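Novice: One structure is given below, represented as structure tokens, and several questions about it will come after.
Every read-out reported here was derived from the displayed coordinates using simple, explicitly stated rules and does not represent laboratory data. Small disclaimer: the values here were computed from a predicted structure and weren't measured. Ideal geometry is used to build each Cβ from the backbone, glycine not excepted, and the neighbour counts take in all protein chains shown.
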Amino acid sequence: PVLLIIIGLAIIFSRNPKARIPTCSEDRVDHIALFSGLATKNDSQNFKGGSICALFGGVDIDLSYTEIAEKDAYLDLFAAFGGIKIKVPEHWKVIVRGIPLFGGWENKTKLKDVDEEKNTPVLKVHCFALFGGIEIKN
């Protein structure tokens, strides 16, 4: 019995949750997390945006290696009794607008101004947070 316990503990503590995050190259993201969780990475070089819904669940998306092909990309986010976390590259400007109803959002990105000469990519986010939270960071 002790051997089975040791093997079980080794399996539990040897898991690396970051290594199991799937990567996709879709230009548009359309995700729904209903009473569950979702974690994914996107490395598209022609990102256009999409929509994400977290209802009693959580969504964690890493866009760190994604590039916006056109000037702007648009994301529609809906979090009700759940949360959405998005990680974007440091050279993106993120503009967040929407309605926080007993919830909220945070824009923790570093870039605050758009540099027209460098063609700074802009991610425009429209969000609705109902008893939930949305976080966007670098």
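Novice: Once you list every other residue whose beta carbon is under 14 Å from the beta carbon of Gly98, what net charge do they have if Lys and Arg are +1 and Asp and Glu are -1?
Specialist: -1
Novice: Based on the alpha-carbon gyration tensor of the chain, what equivalent-ellipsoid semi-axes (square roots of 5 times the eigenvalues) come out, in whole Å, largest first?
Specialist: Semi-axes from the Cα gyration tensor: 32, 19, 13 Å.
Novice: Going through segment 55-132, which chymotrypsin sites (Phe, Trp or Tyr not before Pro) have at most 16 other Cβ atoms within 10 Å and a DSSP loop state?
Specialist: Here the sparse-neighbourhood loop sites are Phe56, Tyr65, Phe81, Phe102, Phe131.
Novice: For Leu9 and Gln45, what does the FRET efficiency come to when R0 = 35 Å and r is the distance between their Cβ atoms, rounded to the nearest 0.05?
Specialist: Working from the Cβ atoms, E equals 0.25.
Novice: Working out 0.36 nm times the residue gap between Lys137 and Phe56, then minus their Cα-Cα distance, what length gain in nm do you get to one decimal?
Specialist: 27.0 nm
Novice: For Phe128, enumerate residues with amide H under 5 Å from its amide H, sequence gap 5+ or separate chain, H modeled in the peptide plane.
Specialist: So Phe128 has HN proximity to Leu77, Phe78, Ala79, Ile99.
Novice: In whole Hz and in residue order, list the ³J(HN,Hα) couplings for segment 128-137 that follow from phi through the Karplus curve 6.51 cos²θ - 1.76 cosθ + 1.60, θ = phi - 60°; x for Gly and Pro.
Specialist: So the Karplus estimates, Gly and Pro as x, are 10, 10, 10, 6, x, x, 10, 10, 10, 9 Hz.
Novice: So, one more: Any idea how far apart Phe35 and Glu106 come out in nm if each label point goes 7 Å out from Cα toward Cβ?
Specialist: 2.9 nm
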